[in-house]
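Participant: Would you mind keeping the following structure in view while I ask a few things?
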Amino acid sequence: MFLIHCPICNEPRSEDEFHCAGEGHIQRPLDPMATSDKEWGDYLFFRSNPRGTYRELWQHTIGCRKYFYIKRNTETYQIYKTYKLDDKSERVALDKEHSNKNKFGDLL
Amino acid sequence: MYNCYQQTPSDLSIKKQLSMYHISTEIKASNAHYLLEEVEYGHLNIRVGRENRCFTQALHDVTGLQLPKTSLQVVQNDEFRLYWISPDEFLLLVAVGREFEIEKKIRANIKNTDSANHYAILNVSSAQAFLKLSGSRAQSIIKKSTAYDIHPSNLPVGKAVTTTFAKTQVILCRTKEKDLNTTSNSEEYSIIVRRSFSDYVWRWIVDAGKRE
Amino acid sequence: MKQINRVRQNRSSKDFACSRIDFSQPIHFSFNGKEYTGVLGDTIASALLANGIDVVGRSFKYGRPRGIVTAGSDEPNAILQLGNCEATQVPNVRATQQLIFEGLECHSTSGWPSTRFHLMGIFGALFARFLPPGFYYKTFMAPAKWWKYYEKWIRKGAGLGRSPNRADEDIYEVINQHADVLIVGAGAAGLSAALGASRMGARVILADEQNEFGGSLLSSNIKINDRCTRDWIDAVVAELINYESQGQLLLLKHATVNGYHDHNFLTIHERCTDHLKDKAAQNEVRQRYHRVRAKQVILATGALERPLVFANNDLPGCMLASAISTYINRYQVIPGNTLVVMTANDSGYIAAIDWHNAGRRVAAVVDTRKSHASELSKQVKALGITIIYQSAVIEARRKRLNSRVCSAVIMSMDSTGDAVKGVKKLFCVTL
Amino acid sequence: MLHLSCHTGGRPIWSDALCAFLADDFNKEMQCVGAANGQYALDKIIEESVIAGINAAKLSGNENHDFSSNVNKELDILKPKVETYLASKAQAIFHIPHAKATFMAPKQFVDFQLDVTAAGIELAVAEGFESIEHVKRYTALGFGTDQGKISNINGMAIVAKKLKQSIAETGTTIFRPNYTPVTFDAIAGRNVNSFFDVERYTPLHREHIKLGALFEDVGQWKRPWYYPDDNETMNEAVARECLAVRSGVGLLDASTLGKIDIQGKDAREFLNRVYTNAWSKLPVGRCRYGLMCGEDGMVFDDGVTACLAENHFIMTTTTGGAAHVYQWLEIWHQTEWPELDVYFTTVTDQWATMTISGPKARFLLAKMTDIDLNPESFKFMDWREADVVGVPSRIFRISFTGEQSYEINVPANYAVVVWEKLLEYGQEFELTPYGTGTMHVLRAEKGFIIVGQDTDGSVTPADLNMGWAVAKNKPFSFIGQRGMNREDCLREDRKQLVGLKTKHPNQVLPEGAQIILQPNQPIPMKMVGHVTSSYFSAALGHSIAMAVVKNGINKLGDSVYLPLDNGETVEANICSPIFYDPEGAKQNV
C-alpha cells in the first residue's frame, strides 16, 4: 500500500484515497480531426510502460480531488516525487528526457 | 446569472427530516464509552480561487472570515466556521436557517458583476450530515474506520481532512482536545458525511463502539 | 495419561527460574479425541511432549509419522485442526504456538484415516521410490480429464486441515495504527530497541508473536546482572508499560507481524482470545488485524535454527537443539530419556547441558567440526558427556514403522565434510 | 529471520562469517538488530538494539528529545552485566552425507511439510533445474504453510553443492507475505454481513419500507425494485405497476440519479466539449438530453441537463455512473482546459427526486402547487421553480416512461413531507408507487436505452441510431468525435440497436441470448448479436426486447433466430426499438 504525498494537501496519505489515471504528460492533439488513425491510436491507446522511472497522473479522489503527477519507479515502487500539474521545473526535466529519447529513435 | 433561491419552506411548521431519519427519529446513539450525535447546521459550498479579491472581500464583509491560509485549515469565529477542502473549494457552516440569507448577502456584496468574475456558491445543507463523536472510545472507533493518523500531532484542533472512513468519504476534524486536567473523556471529533452514506457510517460507528 | 516427561514439580524452583508454567493450574484438553492434562502456560506441543506423545501427524507425500521438531512458529509438522464445533474450526494451527486452555479440542490434520494407521504411510513406504520430485506434474498431467479423480484422492491423502462449513460467529476487527518506530519481536533486542526509542519520545509499537515478551531469553539459563533473565525482562517491560499508559507505546502479544508491504505498511495479526477459549464472548474481539504505517521499522526477529539434513531426520524424536532447551527451561518438559546432539556450532552444547541438568542422560555430542576447546565444550566435558569431533549422525533408525527414533548411526567425516568413513551406533530416543 | 525484509523486494545476502543470510539495505527505513542481524552475544545485542531504537526515533522526527534514563535507575537495564562465552566458529554444513549415495540412502528430509528430500533436490538439479526459484517450484520446497522457514537454506545449500557453486551465487528464494497463516476473518474484520459493502439510502428509504418495497442494488444504492401487494409475484407486481402508469399515474423515487451542479461563464462551452450534442443555445428554463462518449467514441453515460441560469446548469447522470462522470469532468477541466471558468459540485445528495408519471400526472401536481401547469406554458423539456405543498422545489418536465411526467426535486430534508402529501393527494388518482422493475419495462417500451445494459463500451451513438444527438458542426472537437469517425466505427455491419418481437407474443427472451440468421447451422454457429433488454409488456400485451444485431438498422422486418440453452430455437422479427407511442404524442400532452 503506497503512501503518497499529495502536493496540494501537502501531506502523505494512504493509497486508498487516490485514483491512478494512467501515464502522465500525454497531450491531447490540438486538432483531433486532423490526426491520422495512427496518430490518434498512439494518443489514445499506446503507453510507454517502462521498467524503471515512470510519470503517472493521479487524482486525490478522496481528498482535495485535484490531479497531480507522480514520478516513481515501477520496479522498486519508490516514489521520487509528486508535483502539481503546473510545476514548471518538472516540465524542463521532462523535455530533457524526451529529447534524449528521441536521439535513440524507436529503439526505446 | 446564477440560480440561487430559498431552499427552506417559509412555513416553519413543515416537518424537516435530517439524515439520520433512516435509522430512527432519534439523532443520538451512545453507550457508556461514546456519544454520537447528528448536529444541524447550514452548509454552503464555496468554489473560488484565492486570487479573487473581490469575492474574498465580500466573504469577509459578511462573515468576518478570511479564507484559510494553508491547506487543511479550519478558521472560525462565533458565528461561522470555514473549512479548507481544496485550493478552490471551501465549506462554510452557518447557523441553521441562515444559509439562504448568508448566500444572498455574499452574492450582493460582490462588487464586480462581470461574468468573468469566477466563483460558485451552493447550498448543500440537505446533502451532508454533521456528526459529533465523543467519549473514551471515540479514538478507537475512528482508528477502526480510517487509515488517517489521528494522533494530536497529526490532527490537531483546527485542521480538517477529507479522507476515507468506513469505506466512504468524510471530512474528519478534531473539535476538542483531550483535557489532561480532567479524567473525563473530553476528546471530541466531527465527521461530515454525505447524506446517502450517513446511515451506513452511523451503523458502522455504533458497531465499532460496542468493543474497545 | 500421566505427564511422563514433565520434570517433577517439586524440584527446586531455582533450576527453572525462567519456567513460565504454573503447576497449580492443570488444564485438560483433547488431542485426536483423547483426553490429556497439561498445565497453565503450556503450548499444545509442550503438553503433548510432556505426555509422551511422539507422533503428531503424517507426512504429506509419503505418509511418514512425524513428531514435533521446533518450539515456535517455524514448526513444519505439528500443524493441527482446532475447534470444538463446526463454526469454530480453525485449520493450520501450529501446536508449538497455540496455548492450551480448558476444553481445547485439536486433531492432527495430516493423518487420514488416523495418525496411527495411515493408508498413505503404507503406500508411501511401498512406493516411495516412485514418487520423485515433480511427481504431481509428471504423473497426473495426462489425461487431463482424470484430474478430477486424482485431485480428490490426493487432497484427501494430503490434507493440511479443512475449512469450517459453518459461519464463524466470532468478531474480528481491523484497526489502523501509526508509529514512528515499529519493532518486530520482543526478545532481548526488541525490548532494548523499544526502550531506546521510547525514551527518545517516539511513538512505538512493539509486537511479538509469543504469549509473553522475552523471546529466546525465556528459554535460556543465562544470567543477567547475576540474576535470571526473567528479572531483566520484567524490569524492561515495567518501564515499557509506563510508556504505554501515556499512550506513546503499544505493546502487542500474540501478535505476528505477517506482512511487510510497500512504503513501510505492515500488517499484524493479533490473536486476542485464541489462547483462552474456543469462542470469544459476545462483543469481544477474537482476532485483530492491525494495519500499521510506520516511519521506521526495526526487525528484532531473532534467528531460526537450521536443522542438519541426514537420513531419516524426520523420525519423531529428532528435534532442533534450541527447541530442546526451550522445552526444558521454559516448560519443564524433557522430550525423551537419552539424547544425542549433533551440531556444527556451539549452540548444540547448551542443549546438552540443559538436558543433563534436567536429570536425564546425554549419550554424546557429535560435532561436525574438528576438535576444539571452547568454553562450552569444556563445560560439557566437565559434566562427563562424551564429545565426538569431526563426525556426524548420518542416519537415524527406528524399530518399527510407527515408532520414534531409537538409535543414531555415527560416522566420522573427512575435513571438507563431503564424505564419511567408519560406522558407530549409539542408542538414544531423542536426537 | 529475514522473511519480512524480503516482502517489499529486499534480497538476502549470504555471510560466510556467520554461515547465514542477512538482510540487504534495500529499505532505508528498516534495520535489523540482534540475532536477525547476526549478533548472538547478549550484551552486544542489547547495546546495538538500544542504539538502533534511538536512531530510529531520531530518523522519525524525534531528534530534539533528550534520551532520558530516569526510570529504573536501580537496575541498569541497558548496560547489564552478562555472562558470555567466547564461541568457536561454526561450520557451514547443511547436508550430512550418507555412506550410500544420496538417492540410495534412507530419506534425508529437507522440507518436512512437503516431503522434499535431499535426493529429490539433487534429482531436480540433475534434470536441469538450476535456478533456485525453479527448483523450489519443481520440488515444492518451502511451499507449505511454514513457507520454508527451516528448509529453504538447506535446500539452497544442496543445490549449491550439486552445482559446485557458492551459496551466495545460488541465492535464496524470496519470501512473500504472509509470515504465518492469517485467518480470512481477521483480514475481513467487520466488513461482513450488513457491513460487507457500503449501502446508500435515499431520503425516502423508510417510506419505501413502510410500503413493503423490495430493494434492488444499483451501484451501492438500495433502490425500490417493486412494491408487491399481498402475495403478488414480481411479474404480477410489475405488470400492475406498469398499467397504473400507462392509465393513471405512478410515483418513482429517482433520487439516486447523479446530479452535478455546474457554474461559471464557460459552462456552456464545457458542455459542448463533453457532450456529443450542442449546448450553446439552450435557453434558461429548458432541459436537454445528452450523450457522453469516451475519446474512443463509445457511449459511457447519458442524462438530462437543465439550464438553471445563463451560467448555471445542473447535469444528471446515470445512478451507477455518477462518480465516474464527476471524475471525468474534473480530469478534463484540470488537465486539458484549465482556462475554462467552470466549477463542478456534486449535489446528488442534496435533492430528493420524485417522479410522477402517467396521463393523470398533471391533475395530481395541480393539487399541490400554484404554478401554471398549462402545457402551452410549461412544455415538455421545460423546468420550473415551484412551491410544492409549501416546499421549494424544481420541477423538470422530462420523461423516461413516455408518459406525461414531472420530476419533482426538493431539498432532501423535506423529501418525506412531499412524499407523504403525494400519496395523500394521489389517492384520488389511484397513485401507484413503482420501482426499478417497472421503470425498466416502461422505458424499454419506449426504446430508451440504459447505458451499461443496452451498451457495453463498444457502442457508438450511431450504433444506437442516435445520430440526432451528435452535433456535426460544433467548432471544438468534442470528446469522442475523432473516435467515432475511425474507419472501424463507420462500418455498416457494426452491431446496432434494434427491437425484437418474438413470433409467439408470450415468449420472453432471456437477456444475453445470442442471435443467429440461419436456424439450422452446424456448431459453432455464426452469431450476429445478442439480446440486451427483454420484458413482457403488460400495456402492449406481448413481449418486447432490445438487441444489438450486425447491420440491424438495415434489417428491419427480417427474421432472426435465438438458440436457447434448453435446446429450443426461437424465431423473432427485427423491428424498431420504440414499441409504444412511436410519435411521442403522450409525453408532450
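Residues are listed down the side, and each one gets a yes or a no for (1) among the aromatic types (Phe, Trp, Tyr); (2) in contact (Cβ under 8 Å) with a residue 60 or more places away in the chain; (3) within 30 Å of C:His263 (Cα to Cα); (4) at the interface with chain D (Cβ under 9 Å from one of its Cβ atoms):
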| site | (1), (2), (3), (4) |
| --- | --- |
| C:Asn283 | no, yes, no, no |
| C:Gln287 | no, yes, yes, yes |
| C:Ala311 | no, yes, no, yes |
| C:Cys318 | no, yes, no, no |
| C:Ala323 | no, yes, no, no |
| C:Arg330 | no, yes, no, no |
| C:Asp367 | no, no, no, yes |
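Participant: Same structure again: For D:Tyr289, work out the one condition from (1) modelled with pLDDT under 95; (2) in a strand (DSSP E or B) it doesn't fulfil.
Facilitator: The one condition D:Tyr289 does not meet is (1).
Participant: So D:Ile516 fits all but one of (1) at pLDDT 95 or above; (2) more than 33 Å from the chain's Cα centre (by Cα); (3) surrounded by fewer than 18 Cβ atoms within 10 Å (Cβ to Cβ); (4) of a type in the set (Val, Ile, Thr); what number is the exception?
Facilitator: In the conditions (1) at pLDDT 95 or above; (2) more than 33 Å from the chain's Cα centre (by Cα); (3) surrounded by fewer than 18 Cβ atoms within 10 Å (Cβ to Cβ); (4) of a type in the set (Val, Ile, Thr), D:Ile516 misses (2) alone.
Participant: Could you please tell me which pairs satisfy a Cβ distance under 6 Å, a separation of 6+ or placement on different chains, a first residue in region D:98-119 that is part of a strand (DSSP E or B), and a second residue that is among the aromatic types (Phe, Trp, Tyr) and surrounded by 24 or more Cβ atoms within 10 Å (Cβ to Cβ)?
Facilitator: D:Gln108/C:Phe310; D:Thr117/D:Phe109
Participant: Return the pair list, or none, for Cβ contacts closer than 6 Å from residues in region B:5-21 that are more than 7 Å from chain D (Cβ to nearest Cβ) to residues that are assigned to a loop (DSSP other than H, G, I, E, B), at least 6 apart or on different chains.
Facilitator: Close Cβ pairs (under 6 Å, with a partner that is assigned to a loop (DSSP other than H, G, I, E, B)) amount to B:Met20/B:Ile27.
Participant: Having 2 or more residues that are farther than 24 Å from B:Gln73 by Cβ is the bar; report the strands (runs of 3 or more DSSP E) wholly within region A:1-55 that clear it.
Facilitator: A:19-23
Participant: Does D:Gly297 count as modelled with pLDDT under 95 and away from chain B (no Cβ under 12 Å)?
Facilitator: The answer is no for D:Gly297.
Participant: Here is a further query. Looking at D:Ala99, D:Ala119, D:Ala157, D:Ala168, which one is out of contact with any Phe, Trp or Tyr (no Cβ under 7 Å at 6 or more places or on another chain) and more than 30 Å from B:Ile205 (Cα to Cα)?
Facilitator: Criteria check complete, one pass: D:Ala99.
Participant: Just the residues that are more than 11 Å from every other protein chain (Cβ to nearest Cβ), among the hydrophobic types (A, V, I, L, M, F, W, C) and assigned to a loop (DSSP other than H, G, I, E, B), please, taken from region C:69-84.
Facilitator: Of everything in region C:69-84, just one residue is more than 11 Å from every other protein chain (Cβ to nearest Cβ), among the hydrophobic types (A, V, I, L, M, F, W, C) and assigned to a loop (DSSP other than H, G, I, E, B), namely C:Ala71.
Participant: For region D:176-190, give me the residue count where each residue is more than 7 Å from every other protein chain (Cβ to nearest Cβ) and either under 17 Å from B:Ser145 (Cβ atoms) or assigned to a loop (DSSP other than H, G, I, E, B) (or both).
Facilitator: So the answer is 1.
Participant: Moving to a separate point now. Can you go through C:Gly72, C:Gly83 and tell me which one is more than 17 Å from the chain's Cα centre (by Cα) and not basic (Lys, Arg)?
Facilitator: Just a single option satisfies the conditions, and that option is C:Gly83.
Participant: Would you mind telling me which numbered condition in (1) away from chain D (no Cβ under 14 Å); (2) buried (at least 24 other Cβ atoms within 10 Å of the Cβ); (3) outside any loop (DSSP other than H, G, I, E, B); (4) not aromatic (Phe, Trp, Tyr) C:Pro335 fails?
Facilitator: Answer for C:Pro335: the failing condition is (3).
Participant: Could you identify the single residue in D:Phe536, D:Phe579 that is under 30 Å from D:Asn374 (Cα atoms), buried (at least 17 other Cβ atoms within 10 Å of the Cβ) and not aliphatic (A, V, I, L, M)?
Facilitator: Just one listed residue meets the conditions, D:Phe579.
Participant: Hey, another quick one. Of all residues in region C:338-357, how many are among the hydroxyl-bearing types (Ser, Thr, Tyr) and either outside any helix (DSSP H, G or I) or closer than 23 Å to C:Asp54 by Cβ (or both)?
Facilitator: Residues flagged as among the hydroxyl-bearing types (Ser, Thr, Tyr) and either outside any helix (DSSP H, G or I) or closer than 23 Å to C:Asp54 by Cβ (or both) within region C:338-357 amount to 2.
Participant: Output the number of residues of region C:175-198 satisfying the condition of being touching a His at 6+ places or on another chain (Cβ under 8 Å) and facing chain D (nearest Cβ under 7 Å).
Facilitator: So the count comes out to 0.
Participant: Also, quick follow-up: Could you grab me the full set of residues in region C:353-376 that are farther than 21 Å from C:Asn337 by Cα and in contact with a helix residue (DSSP H, G or I) (Cβ under 6 Å, 6 or more places away or on another chain)?
Facilitator: The one that is farther than 21 Å from C:Asn337 by Cα and in contact with a helix residue (DSSP H, G or I) (Cβ under 6 Å, 6 or more places away or on another chain): C:Leu376.
Participant: In region D:405-452, which residue that is in contact with a Pro (Cβ under 6 Å, 6 or more places away or on another chain) and not in a helix (DSSP H, G or I) is nearest to the other protein chains (Cβ to nearest Cβ)?
Facilitator: Selected residue: D:Gly435.
Participant: Another one. Given the structure, is D:Lys161 facing chain C (nearest Cβ under 9 Å), more than 30 Å from D:Arg223 (Cβ to Cβ), in a helix (DSSP H, G or I) and among the basic types (Lys, Arg)?
Facilitator: Yes, satisfied.
Participant: Here is a list of conditions, (1) within 7 Å of another protein chain (Cβ to nearest Cβ); (2) part of a loop (DSSP other than H, G, I, E, B); (3) farther than 21 Å from D:Cys19 by Cα, and D:Leu123 meets all of them except one; can you say which number that is?
Facilitator: It is condition (2) that D:Leu123 fails.
Yes or no, residue by residue, for (1) over 30 Å from C:Val409 (Cβ atoms); (2) surrounded by fewer than 22 Cβ atoms within 10 Å (Cβ to Cβ); (3) within 7 Å of another protein chain (Cβ to nearest Cβ); (4) at pLDDT 80 or above:
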residue: D:Ala52; (1), (2), (3), (4): yes, no, yes, yes
residue: D:Ser68; (1), (2), (3), (4): yes, yes, yes, no
residue: D:Ala90; (1), (2), (3), (4): no, yes, yes, no
residue: D:Glu130; (1), (2), (3), (4): yes, yes, no, yes
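Participant: A further question follows. With the condition kept exactly as written, say whether any residue in region D:517-531 is of a type in the set (Gly, Ala, Ser) and farther than 12 Å from D:Val498 by Cα.
Facilitator: no
Participant: I'm checking my understanding of the structure. Among residues of region D:141-150 that are under 16 Å from D:Thr117 (Cβ atoms) and at the interface with chain C (Cβ under 7 Å from one of its Cβ atoms), which one is farthest from the chain's Cα centre (by Cα)?
Facilitator: Ranking the candidates gives D:Ile150 first.
Participant: Residue pairs, Cβ under 6 Å, 6 or more apart or interchain, first in region B:60-80 and closer than 22 Å to B:Thr162 by Cβ and within 14 Å of chain A (Cβ to nearest Cβ), second outside any helix (DSSP H, G or I) and of a type in the set (Lys, Arg). List them.
Facilitator: Short answer, once both residue conditions are applied: B:Leu72/B:Lys159.
Participant: Can you tell me which residue among D:Phe175, D:Phe184 is modelled with pLDDT under 90, closer than 30 Å to C:Asp208 by Cα and crowded, with 19+ Cβ neighbours inside 10 Å?
Facilitator: D:Phe175
Participant: Residue by residue through region C:382-417, note down the ones that are at pLDDT 85 or above and more than 29 Å from the chain's Cα centre (by Cα).
Facilitator: C:Ala382, C:Gly384
The values are calculated or read from the model by the stated rules, or taken from the named source; none is laboratory data. Predicted, not measured: the structure shown is a model, and the values here were computed from it. Every residue, glycine as well, gets a Cβ built from its backbone with ideal geometry; the counts of neighbours run over all protein chains shown.
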